[in-house]
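The values are calculated or read from the model by the stated rules, or taken from the named source; none is laboratory data. Keep in mind it's a predicted model, so treat the numbers as computed, not measured. Cβ: placed from backbone, ideal geometry, glycine included. Neighbour counts: every protein chain shown.
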Amino acid sequence: MDVLRKEEIYTIDDIYALPDGERAELIDGKIYYMAPPSRTHQKISMFLSNEISGYIKSNNGECEIYAAPFAVFLNKDDMNYVEPDISVICDTSKLDDKGCHGAPDWVIEIVSPSSKTRDYMTKLFKYRTAGVREYWIVDPDKQMVMVYGFESETVEQYPFDEDIPVGIYEGFSIAVK
């Protein structure tokens, strides 16, 4: 007799119960463990965070930017918890000391070998359906950035050395270099 294995469903409580220093994301009740980021990953994250933060400050913007690890509770349930590499939140009522409750306006994920499928497929779908306005997938190996404008229903691809227009900020662009 074949016995079907029931896949365990996890919740945010399970994420908070992980041993100190262990990072994971929770998508639709499934835990995805996260490897520590590479030096290249960190350099790109710092560069983009600084560029975006500088733009927001120089334009007296209301949006706030957070780099990982930063908790984003995408849905109004206890089965989705992600830590985008960069989150830009313009509706500050979504923020509290635990993180962001609801979709950030702009999410940037920097691909690592262990996160490739999750960033290009699983998170793409989750972010789009949760209400993220713009999603960037930065791929250091390919030296390319995929830009998904969910509001305008556009998908563009840019090399690192090209200026990439930011959909949520008219007149702002960034070259990853």
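So, in region 40-91, how many residues would count as being of a type in the set (Gly, Ala, Ser), at pLDDT 95 or above and over 16 Å from residue 123 (Cα atoms)?
6
Please specify each residue of region 72-97 satisfying the condition of being part of a strand (DSSP E or B) and touching a residue at least 40 places away in the same chain (Cβ under 8 Å). Break it down stepwise before answering.
Initially, region 72-97 is screened for residues part of a strand (DSSP E or B), giving 72-73, 81-82, 86-89, 95-96.
Residues satisfying the conditions are 73, 81, 82, 86, 88.
Assess whether residue 152 counts as being in a loop (DSSP other than H, G, I, E, B), in contact with a helix residue (DSSP H, G or I) (Cβ under 8 Å, 6 or more places away or on another chain) and either small (Gly, Ala, Ser) or farther than 23 Å from residue 9 by Cα (or both).
When the stated conditions are applied, residue 152 does not pass them.
All but one of (1) surrounded by fewer than 13 Cβ atoms within 10 Å (Cβ to Cβ); (2) more than 22 Å from residue 83 (Cα to Cα) hold for residue 157, so report the exception by its number.
(1)
Residues checked against (1) under 14 Å from residue 73 (Cα atoms); (2) out of contact with any strand residue (DSSP E or B) (no Cβ under 7 Å at 6 or more places or on another chain):
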{"residue": "104", "(1), (2)": "yes, no"}
{"residue": "112", "(1), (2)": "no, yes"}
{"residue": "130", "(1), (2)": "yes, yes"}
{"residue": "152", "(1), (2)": "no, yes"}
{"residue": "164", "(1), (2)": "no, no"}
{"residue": "176", "(1), (2)": "no, no"}
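Taking region 17-65, which residues are in a loop (DSSP other than H, G, I, E, B) and hydrophobic (A, V, I, L, M, F, W, C)?
Within region 17-65, the subset in a loop (DSSP other than H, G, I, E, B) is 17-23, 28-29, 34-38, 59-63.
Matches in region 17-65: 17, 18, 34, 35, 63.
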